[in-house]
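Single-structure report; data block below.
The values are calculated or read from the model by the stated rules, or taken from the named source; none is laboratory data. As the structure is a computational prediction, the values presented were derived from the model and not from experiment. As a convention, Cβ positions derive from the backbone with ideal geometry for all residues, glycine included, and neighbour counts pool all protein chains shown. Ligands, DNA and RNA are excluded from the accessible area calculation, which covers all protein heavy atoms including side chains. Shrake-Rupley method; radii C 1.70, N 1.55, O 1.52, S 1.80 Å.
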Amino acid sequence: MKAIEDFTLIGKTVLRREDSYLMRGKAQFLDDLPEPKGLIHIAFVLSPYARADILSVDASAAKALPGVIDVLTGKDLAGDIKTFAPVIEIDGYHDVRRPVVAIDRVNFVGEYVAVILAESPYAAQDALDLVDIDYDPLPSVAGIKAALSPDAPVLHDHLGDNLIFRTAFETEDFDARFAEGDVVLEEEFQLGRVTGVMIEPRGCMAWPDPIATNMTLWTPTQIPHIVRTAIADHLDIPESVLRVVTPAVGGGFGTKAHVYPDELIVVALARRYGRAVKWVQDRREDLLTNAHAREHILKLRVAVANDGEIRAAHLDVRTNCGAYPNHPYSPTLEATAAVRMMPGPYRIRNYKYDVCSVTTNTAPTGAYRGTGQPSAFLAIEGMMDRIGRRLGLDPADVRRRNVIQPEEFPYVNVVGVRYDTGSYSQSLERGLEMVGYDAFRAAQPKDRLVDGKYRGIGICNYTEVSGTGAPGWRVRGFAKMPGFDSSRVVVEPDGKITVYVSQADAGQGHYTTFAQIAADRLGVSWEDVMVVEGDTAKTPYGTGTFASRGSVVGGGTVIRCSDKVGVKIRRIAGYMLNADPERLVLKDGRVIDPEDADRSLSLREVAETAYSMNNLGLPQGEEHGLEATDYYDPPMVTMANGTHVVQVAVDPEDGRVEIERYAVVHDCGRVINPKIVEGQVHGATVQGIGEALMEEIVYDDEGQHLNANLLDYLIPTAMDVPNLELSHIETPSIDTVGGIKGAAEGGLTGAVPAIANAVSDALSGLGVNITRVPLRPAYVFEQIRQARAERESSEQ
Amino acid sequence: MSAKKVTVRMKVNGKDYVREVEPRYLMADFLRHELQLTGTHIGCEHGVCGACTVLINGKTGRSCLQFAAALDGAEITTVEGIAGDGPLHPVQEAFHDAHALQCGYCTPGFLMTTIEFLKTNPEPDRDEIQQALTNNMCRCTGYVNIIDAVEDAAKRLREGAREA
Ligand code: FES
Ligand code: FES
């Protein structure tokens, strides 16, 4: 069998087959699908209050509007859809369930209060304003600290307080080990609340068959199988009659890796009315109701030796769950990610963490690119710089003192995560070299002021968790997260190949890369391989495409599955050629006997035998057909890694941060398609620039959402993009099939801390202490102004 | 509320259309749901993201901000009109080669913006390209490869023009 080293197509840039139809405007995104006859369009009445009792709903005027079919409230739907909740099994987590449409009480701005059913989207929109709802507003709470205060209103009575999740961990004799440090440093870091902002907002359409027994749900999700299971669970219908299909998906970023109430609602309504039902979200609804992320407060306390070695670390993480736990992760997702990933590329052996998550009157938070890792590294990488400042060491040397060295792999970190391979110190050194770190430091004045701007440099050396398998989900309480992914590889009767994968592409290029993999293993041209995914009726069950798992788990299963089919191809060809199957080689669409080059068969000839389309018959005991199915459960996690080094200039006149140099070193193990990996790194890094410098969902203290549009919630545009200098290291995993590691999130994880550290360094001469993101100009300007004012008053 | 429908005539991608629509019917909806030209996408419906960009009488415009009735008599080009089913337009080729699209949802808007931009500025520098692209949002690519693609497209168009 072909060794992984003999890859011919894996590792090569193949231009994407997706591009042609996308660029011609032919892709079928949700709202582009042909609409079935009798389609019902729905719209949701959203709560304008953060917390209120619903006293009455009068929909008579709305119902009287021509084109309006019905208006339903939470009570009307309660019999069709069970209260909604994820299944989380971890100590310290408290169950909170929600009605998919609010019944007596709303708990965040944007919560669904009623559903309009209409013959057209315009009629549905018209009806929205005519539903008369009488609310009794109640005291509400939005922020983490406020939610923890003893007199805070309690959102969910059965909890007794606003704590929905709390857990802790510590290594043996932690306090004694902590006491052995020479100095203790402590800092509190904060990250603003952000969200994915896919350019395609969400939407979904349920379409019953004419006799309404089978149902197809079209939804641009990253997790079609998990959506199907959740809907079957909550609507009490057999999974076998429900099919979930993803149309083209206009970006996911984790935001589309949740199960949302509307997905349950359209299916329930389609069942009730026996008609297709469609909902398309607008941007305001996206920003109000789709899963938010971050809003973390991290307190990191470290005991350090005088040479910069971290002897012990204690991380306390607080996160905001929002009003209800999202499905399927709950707030444990980011919280457990942050504490488990914090040790990162460093040799931290004595570790303690405390985590808590609170419920507040804000939108539910959940998955978004990076999940907990930008937070973890904002804390630990920010601390590296502080250790340097305190001990008079170069911050790069502090990292060198602590980073895991090449000879230490495989390394099992303090929370039991195995780092099989990695390039932590090489990557750090290369990143520093790329921006001329030493020269910059040598020339940097103490006050950091050069040509009227404060100039600084920041580093983030990170690990990136990817391809999480079942054990990785179980330790974090995700009882129903499969972890595996699967594929079915079929050699069709004509010798062409179809690969069915349990995943769901949202722009990652699976239709090209999975074809590359199968083609590579089966010795055919990649154009002869078609890839099918995002369809529960066609593909075997699996977890989906999120958390940097597509290439690791999807790629891994396609390798394994192709090889399984390869064995059968050789067996049948061996019988046909009267040759030992072991020595046959798959190449150029043929099965070749290397010992006798004249004797070879086309894949089609072999397939014809397998499908009984000639007179040859099959050998004794051989089954018809030429396909295999594979389920691949990867290791607990697979660690990619990388380093970002960023040089910034901060303008004291307006607080603007300009990125002057940006180096990214990136190691995701075996690369399948270099250009696609580069695209992932670019995209994630620029999202990280957004999170570091501009993006933040703002709620006021009462939970009123203040910026639910793209003029006020800023994401990067082409003007915000610096010249990204990229360098790749390829250190294949020894634990995953094919040596593949994930690549989707590291860019964001590296960017947020590196930029924050660079700004922090630039302003360190002024004595400004940067502890939070986003660093919007007004905030930075204010820090500079205050520091200068203090300086002046102390000089007088 | 639904009002009396008005007649709208438009030439879209070289083809004449006549439709009866409500006066408030958005141009984006008109293209997408009346003419089934769904390549023009909606990303925000408030004029910020640029996904709905089309050429209106040769100039880029946001189809989410205009009423179809107000564009009676206009000549429109949408993404479907760039190359149809034929060989890709040089701008499309450049996007393909540079891997300037991932999910592709924003791409039609970027293509329209780029085509207009390179007509007015056939030899732009990177700064000018970045400025021209600020009218369009992309959340997948980080813009890096889009900027490269526009630079490359400019070159291809100049070379094509020289050969022609
Ligand atoms: S949809 Fe028109 S600008 Fe966003
Ligand atoms: S390619 Fe996805 S938004 Fe641009």
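For region A:97-137, a residue qualifies if it is in a strand (DSSP E or B), open to solvent by 30 Å² or more (accessible area, probe 1.4 Å) and free of Cβ contacts under 8 Å to residues at least 60 places away in the same chain, and exactly one does: A:Arg105.
Does A:Gly746 meet the test of being under 21 Å from the mean Cα position of the chain (by Cα), farther than 30 Å from A:Ile784 by Cβ and touching a residue at least 40 places away in the same chain (Cβ under 8 Å)? Break it down into steps so the answer makes sense when it comes.
Working: under 21 Å from the mean Cα position of the chain (by Cα): yes; farther than 30 Å from A:Ile784 by Cβ: yes; touching a residue at least 40 places away in the same chain (Cβ under 8 Å): yes.
Here the answer is yes, as A:Gly746 does meet what is asked.
I'd like to know if region B:5-15 contains one or more residues that are away from ligand 2 (no atom under 16 Å from the Cβ), among the polar types (S, T, N, Q), touching a residue at least 40 places away in the same chain (Cβ under 8 Å) and under 17 Å from B:Gly109 (Cα atoms).
Yes, the conditions are met somewhere in region B:5-15.
Filtering region B:117-131 to residues that are at the interface with another protein chain (Cβ under 8 Å from one of its Cβ atoms) and within 23 Å of B:Ser63 (Cβ to Cβ) leaves only B:Gln131. Restricting region B:46-88 to residues that are more than 16 Å from ligand 2 (Cβ to nearest atom) and on the phi > 0 side of the Ramachandran plot, the residue that is surrounded by the fewest Cβ atoms within 10 Å (Cβ to Cβ) is B:Gly73.
Looking at B:Ile56, is it at the interface with chain A (Cβ under 8 Å from one of its Cβ atoms), free of Cβ contacts under 8 Å to residues at least 40 places away in the same chain and aliphatic (A, V, I, L, M)? Don't jump to the end; show me each part of the working.
On the way: at the interface with chain A (Cβ under 8 Å from one of its Cβ atoms): no; free of Cβ contacts under 8 Å to residues at least 40 places away in the same chain: yes; aliphatic (A, V, I, L, M): yes.
No, not satisfied.
Listed here are the residues, each with its yes/no results for (1) in contact with a helix residue (DSSP H, G or I) (Cβ under 7 Å, 6 or more places away or on another chain); (2) free of Cβ contacts under 8 Å to residues at least 24 places away in the same chain; (3) surrounded by 24 or more Cβ atoms within 10 Å (Cβ to Cβ).
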site	(1), (2), (3)
A:Arg272	no, no, no
A:Ala276	yes, no, no
A:Asp282	no, no, no
A:Leu300	yes, no, no
A:Ala303	yes, no, no
A:Glu309	yes, no, no
A:Ala313	no, no, yes
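Here region B:16-29 is the region considered, the condition is being within 26 Å of B:His46 (Cβ to Cβ) and more than 10 Å from every other protein chain (Cβ to nearest Cβ), and the residue that is nearest to ligand 2 (Cβ to nearest atom) is B:Ala28. For region A:121-130, the tally of residues that are aliphatic (A, V, I, L, M), in contact with a strand residue (DSSP E or B) (Cβ under 8 Å, 6 or more places away or on another chain) and farther than 15 Å from A:Glu111 by Cα stands at 3.
Beta carbons closer than 7 Å, at least 6 apart along the sequence or on distinct chains, pair a first residue in region B:104-123 that is farther than 22 Å from A:Pro247 by Cα with a second that is more than 14 Å from ligand 2 (Cβ to nearest atom) and not in a helix (DSSP H, G or I) for B:Met112/B:Val54; B:Met112/B:Leu55; B:Met112/B:Thr60; B:Thr113/B:Thr60; B:Glu116/B:Leu55; B:Glu116/B:Lys59; B:Glu116/B:Thr60.
Out of everything in region A:52-76 that is among the charged types (D, E, K, R) and over 23 Å from A:Glu119 (Cβ atoms), what residue ends up being least open to solvent (accessible area, probe 1.4 Å)? Going through the qualifying residues, I end up with A:Asp53. Among the numbered conditions (1) in a loop (DSSP other than H, G, I, E, B); (2) within 16 Å of ligand 1 (Cβ to nearest atom); (3) open to solvent by less than 10 Å² (accessible area, probe 1.4 Å), the only one that B:Leu101 does not meet is (2).
For region A:156-200, the set of residues classified as under 28 Å from the mean Cα position of the chain (by Cα), more than 16 Å from ligand 2 (Cβ to nearest atom) and open to solvent by less than 10 Å² (accessible area, probe 1.4 Å) consists of A:Asn162, A:Ile164, A:Phe165, A:Phe189, A:Leu191, A:Gly192, A:Arg193, A:Val194, listed by residue number. The number of residues in region B:45-94 that are in contact with a His (Cβ under 8 Å, 6 or more places away or on another chain), in a loop (DSSP other than H, G, I, E, B) and under 25 Å from B:Ala154 (Cα atoms) comes to 3. Listed conditions (1) more than 10 Å from chain A (Cβ to nearest Cβ); (2) among the hydroxyl-bearing types (Ser, Thr, Tyr); (3) surrounded by fewer than 24 Cβ atoms within 10 Å (Cβ to Cβ) are all met by B:Thr114, apart from (3). Considering the conditions (1) surrounded by fewer than 19 Cβ atoms within 10 Å (Cβ to Cβ); (2) in contact with a strand residue (DSSP E or B) (Cβ under 9 Å, 6 or more places away or on another chain); (3) in a helix (DSSP H, G or I), A:Asp761 is excluded by exactly one of them, (1).
Filtering region A:513-525 to residues that are surrounded by fewer than 24 Cβ atoms within 10 Å (Cβ to Cβ) and farther than 13 Å from A:Val585 by Cα leaves A:Ala519, A:Ser525. For region A:700-729, filtered to residues that are open to solvent by less than 60 Å² (accessible area, probe 1.4 Å) and polar (S, T, N, Q), the residue that is farthest from the other protein chains (Cβ to nearest Cβ) is A:Ser727. Scanning region B:117-164 for residues that are within 16 Å of ligand 1 (Cβ to nearest atom), crowded, with 19+ Cβ neighbours inside 10 Å and farther than 22 Å from A:Val677 by Cβ returns B:Ala132, B:Leu133, B:Asn135, B:Asn136, B:Met137. Remark: pairs (first residue in region A:247-267, within 16 Å of ligand 1 (Cβ to nearest atom); second residue basic (Lys, Arg) and in a loop (DSSP other than H, G, I, E, B); Cβ separation under 6 Å; 6+ apart in sequence or on different chains) = A:Gly251/B:Arg139. Look through A:Gly250, A:Gly254, A:Gly274 and report the one residue that is on the phi > 0 side of the Ramachandran plot and within 14 Å of chain B (Cβ to nearest Cβ). Being on the phi > 0 side of the Ramachandran plot and within 14 Å of chain B (Cβ to nearest Cβ) holds for just one of A:Gly250, A:Gly254, A:Gly274, which is A:Gly254.
Residue by residue through region A:368-397, note down the ones that are assigned to a loop (DSSP other than H, G, I, E, B) and open to solvent by less than 10 Å² (accessible area, probe 1.4 Å). Talk me through it step by step, then tell me what you get.
Start the filter on region A:368-397 by keeping residues that are assigned to a loop (DSSP other than H, G, I, E, B), which leaves A:368-372, A:392-394.
Hits for region A:368-397 are A:Tyr368, A:Gly370, A:Gly372.
Quick check on region A:589-600. Is at least one of its residues touching a Gly at 6+ places or on another chain (Cβ under 8 Å), at pLDDT 95 or above and open to solvent by 80 Å² or more (accessible area, probe 1.4 Å)? Yes; the residues of region A:589-600 include at least one that is touching a Gly at 6+ places or on another chain (Cβ under 8 Å), at pLDDT 95 or above and open to solvent by 80 Å² or more (accessible area, probe 1.4 Å).
Which condition does B:Met27 not pass, out of (1) touching a strand residue (DSSP E or B) at 6+ places or on another chain (Cβ under 6 Å); (2) crowded, with 19+ Cβ neighbours inside 10 Å, if it passes all the others? The failed condition is (1).
Do we find a residue being out of contact with any Pro (no Cβ under 7 Å at 6 or more places or on another chain) and more than 16 Å from ligand 2 (Cβ to nearest atom) anywhere in region B:97-104? Full working, then the answer.
The first filter runs over region B:97-104 and keeps only residues out of contact with any Pro (no Cβ under 7 Å at 6 or more places or on another chain), leaving B:97-104.
Subsequent filtering for residues that are more than 16 Å from ligand 2 (Cβ to nearest atom) retains none.
Within region B:97-104, not a single residue is out of contact with any Pro (no Cβ under 7 Å at 6 or more places or on another chain) and more than 16 Å from ligand 2 (Cβ to nearest atom).
Applying a threshold of 7 Å to beta carbon distances and a minimum spacing of six or more residues, or different chains, the list of pairs starting in region A:534-562 at a residue that is assigned to a loop (DSSP other than H, G, I, E, B) and ending at one that is among the acidic types (Asp, Glu) and buried (at least 24 other Cβ atoms within 10 Å of the Cβ) reads A:Gly534/A:Asp505; A:Thr539/A:Glu533; A:Gly542/A:Asp485; A:Thr543/A:Asp485; A:Thr545/A:Asp505; A:Ser548/A:Glu464; A:Ser548/A:Glu745.
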